[in-house]
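Peer 1: If you scroll down you'll find the structure; I have some questions about it.
The values are calculated or read from the model by the stated rules, or taken from the named source; none is laboratory data. Model, not experiment: these values are computed from the prediction. Here the Cβ is made from the backbone with ideal geometry for all residues, glycine too, and neighbour counts use every protein chain on show. Only protein heavy atoms, including side chains, enter the accessible area calculation; ligands, DNA and RNA are left aside. Shrake-Rupley method; radii C 1.70, N 1.55, O 1.52, S 1.80 Å.
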Amino acid sequence: MTITELFLLFVSSIFVHNILLSRFLGCCPFMGVSSKLKTAQGMGAAVVFVIMLASLMTWLTYNYLLVPLHLEYLYTLSFILVIAALVQFVELALKKLNPGLYKSLGIFLPLITTNCAVLGVAVLNMNEGYGLAASLVNALGSSLGFLLAISLMAGIRERIEDNEGIPAALRGLPIALITAGLMSIAFMGFTGIIK
Amino acid sequence: MNIVHVMIAPLALMGIMGGVFGALLAVASLVFRVHQDERISKIRAALPGANCGGCGYPGCDGYASGVVNEGAAVNKCSVGGASVAKIIADIMGVDAGSSVPVRAFVKCKGSKECSPRELIYDGVKDCASAATIPGGSPNACPFGCIGLGTCVSVCQFGALSMGEDGLPKVDLSKCVGCGACAAACPKGIFTLVPVTADIIIACNSHWRGPDVKKVCSAGCIGCGVCAKICPAGAIELVNNLAVIDQNKCIKCGRCASKCPAKCIKTGESVQVIEKSA
């Protein structure tokens, strides 16, 4: 892939194929951790961190372990195994080596161990046949897209919470779900800017 | 060959991967072990686990490590009170010290009837944002309770509720004195008083008498009668507001009976908690 193609892949993975609003992966934290902007950003940062690492490790696992052994169909199982072990390992290492980062990522790190966004990016990289560079660019773009979407969502939810204008039956989660749907429709507007 | 590829190879691969990762994590947990003082987990077990932050640390975990690592006082947990302080003191091998439990008190009597609601505030239903409007409050008195119930929403113990009169009510049987309401109130109308306190001045206004009279019929007008009449010298006038020193108060009640604004609360409510607790 040329630099131009990598850049286009980066932009398209953030906006056109936004992992939350276009691919609908990782919706659980999108709803669960988006009521406060600060925690949403913590979650987003942890997702960027884990998706980058997981994409690297799963790419290596697939291309240097599963392909030579002709066991490609085991990718789901082995990806889950690799990601879970990796996150556990990183958590242990961070606790010792960088307590500051460990504290700021906090509970989000184990929370996203088996998040489908993490596994989804790894599987996408494999399905599209990306090389290492393209995989990492796609991982960075997708996870930044996650950070962007969850931050926007949290910003909106902070403003509409306890709003007297919202009918009582829609307050809380219902209006958040409607908001998510509208945001998703808005992101459809990016379709077509990149082929 | 076929059997090997279809059955054995996948099993072997997953088994080996699982085994390798397991071993790796086992080694990592030894290599990266963080030595934690065992007193921290003991203290954490003794704490009530309310995570209210009343001690000044972020949650009970924070306080437990604060006691061991930073030498925090052992009697900071207002939820657990003296019994928990005693346990922590035993673990740390220090004296528990004495701590009289405290409870939240609303030092404002500016109910809807007493103090007019001057503006119709239609913004975010939160006292902190209502306090940012010009004048500092939608109500006539800029020192008093705004009445949007931010204190109620921050209370983790369900001890606060907004009364019919527009003022928060403290349920003394539920209040633990963590001070979350005091920290959240933009007007600072909450004060933490010892449960033994009997005389409390229920006003927060530093305005002079005539100005107070215009905005509230229940506010301290700063006349100083209470300070003059107090035989123990426990009350003094600070900036047009009577302030009482609970350590000097002899609970005679003379101040309350002479107060022209009737803004000195005598303590049956505070006393009740002692009996029921």
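Peer 1: Need the list of lysines near residue B:125 for cross-linking: C-alpha distance under 16 angstrom, and skip anything on the same chain fewer than eight residues off.
Peer 2: Candidates past the 8-residue exclusion: B:187.
Peer 1: Give the ranking of B:63, B:57 by solvent-accessible surface, highest area first, calculated with a 1.4 Å probe.
Peer 2: Details: B:63 5, B:57 55 Å².
In descending accessible area the options line up as B:57, B:63.
Peer 1: Using a 1.4 angstrom probe, figure out how much accessible area the stretch B:1-139 has per residue, in square angstrom, rounded to the nearest whole.
Peer 2: 57
Peer 1: For residue A:72, tell me the accessible area in Å² from a 1.4 Å probe, rounded to the nearest 10.
Peer 2: Spelled out: residue A:72, probe radius 1.4 Å, area about 60 Å².
Peer 1: Angle check, please: helix B:9-31 long axis (alpha carbons) against the longest principal axis of chain B (alpha carbons), in degrees 0 to 90, nearest 10.
Peer 2: It works out to around 50 degrees.
Peer 1: Okay, moving on. So for chain A, if I pair up every lysine 8 or more residues apart or on another chain, how many of those pairs have alpha-carbons under 23 Å apart?
Peer 2: The result is 4.
Peer 1: How far is helix A:132-160 tilted off the main Cα axis of chain A, in degrees rounded to 10, range 0 to 90?
Peer 2: The angle comes out near 10 degrees.
Peer 1: Which parts of the stretch A:33-74, residue by residue, lose 50 Å² or more of accessible area when the rest of the protein chains are there, as against the chain isolated (1.4 Å probe)?
Peer 2: A:71
Peer 1: While we're on this one: Considering Cα pairs under 8 angstrom that are at least six residues apart, work out the relative contact order of chain B and quote it in whole percent.
Peer 2: Contact order relative to length: 15 percent.
Peer 1: Report the B-A buried area as the accessible area lost on both sides summed, probe 1.4 Å, in Å² to the nearest 100.
Peer 2: Summed over both sides, the interface buries about 1600 Å².
Peer 1: Hey, what angle do you get for helix B:59-69 against the long axis of chain B, alpha-carbon based, 0 to 90 degrees rounded to 10?
Peer 2: The angle comes out at about 80 degrees.
Peer 1: Can you tell me the relative contact order of chain A? Whole percent, Cα pairs under 8 Å, sequence separation 6 or more. Mind dumping the intermediate values first?
Peer 2: Numbers: 211 pairs, mean separation 84.0, N = 195.
Taking the mean separation of contacting Cα pairs over the length of chain A, I get 43 percent.
Peer 1: Moving to a separate point now. In nm, give the distance between the simple-model label positions of residue B:83 and residue B:238, each being 7 Å from the Cα along the Cα-to-Cβ direction.
Peer 2: Taking the two extended label points, one gets 3.5 nm.
Peer 1: Here is a further query. What distance in nm lies between label points placed 7 Å from Cα along the C-beta direction at residue A:179 and residue A:128?
Peer 2: 2.9
Peer 1: Give the carbon-plus-sulfur fraction of the accessible surface of chain A in %, rounded to a whole number; probe 1.4 Å, heavy atoms of protein chains only. Each step should come with its number before you reach the end.
Peer 2: Numbers: 6790 of 9750 Å².
Answer for chain A: carbon and sulfur cover 70 percent of the accessible area.
Peer 1: Same structure, new question: Work out the FRET efficiency for residue A:28 and residue A:76 from their Cβ-Cβ distance, taking R0 = 22 Å, and round it to the nearest 0.05. Each step should come with its number before you reach the end.
Peer 2: Details: r = 19 Å, r/R0 = 0.84.
That pair, residue A:28 with residue A:76, gives E of 0.75.
Peer 1: Report the Cα centroid-to-centroid distance between the stretch A:11-62 and the stretch B:127-149 in angstrom, as an integer.
Peer 2: 41
Peer 1: Given a Förster radius of 60 Å and the C-beta distance between residue A:67 and residue A:170 as r, what FRET efficiency does 1/(1 + (r/R0)^6) yield to the nearest 0.05? Write out the running numbers ahead of the final one.
Peer 2: Details: r = 50 Å, r/R0 = 0.84.
It comes out at approximately 0.75.
Peer 1: So if we plug the beta-carbon distance of residue B:246 and residue A:104 into 1/(1 + (r/R0)^6) with R0 = 35 Å, what FRET efficiency do we get, rounded to 0.05?
Peer 2: The computed FRET efficiency comes out at 0.25.
Peer 1: Between residue B:4 and residue B:153, what length comes free when the chain is fully extended (0.36 nm per residue of separation minus the Cα-Cα distance, one decimal in nm)?
Peer 2: Fully extending the segment from residue B:4 to residue B:153 adds 47.3 nm.
Peer 1: Here is a further query. Averaged over peptide A:137-150, how many Cβ atoms belonging to another chain are found within 10 Å of each residue's Cβ?
Peer 2: That works out to 0 on average.
Peer 1: Per the 1.4 Å probe, what fraction of the accessible area of the stretch B:55-137, in percent, lies on carbon and sulfur atoms?
Peer 2: Result for the stretch B:55-137: 56 percent of the exposed heavy-atom area is carbon or sulfur.
Peer 1: Another question about this same structure. What pairs from B:109/B:214; B:112/B:214; B:112/B:251; B:109/B:228 go past 19 Å between their alpha carbons?
Peer 2: Beyond 19 Å between Cα atoms: B:112/B:251; B:109/B:228.
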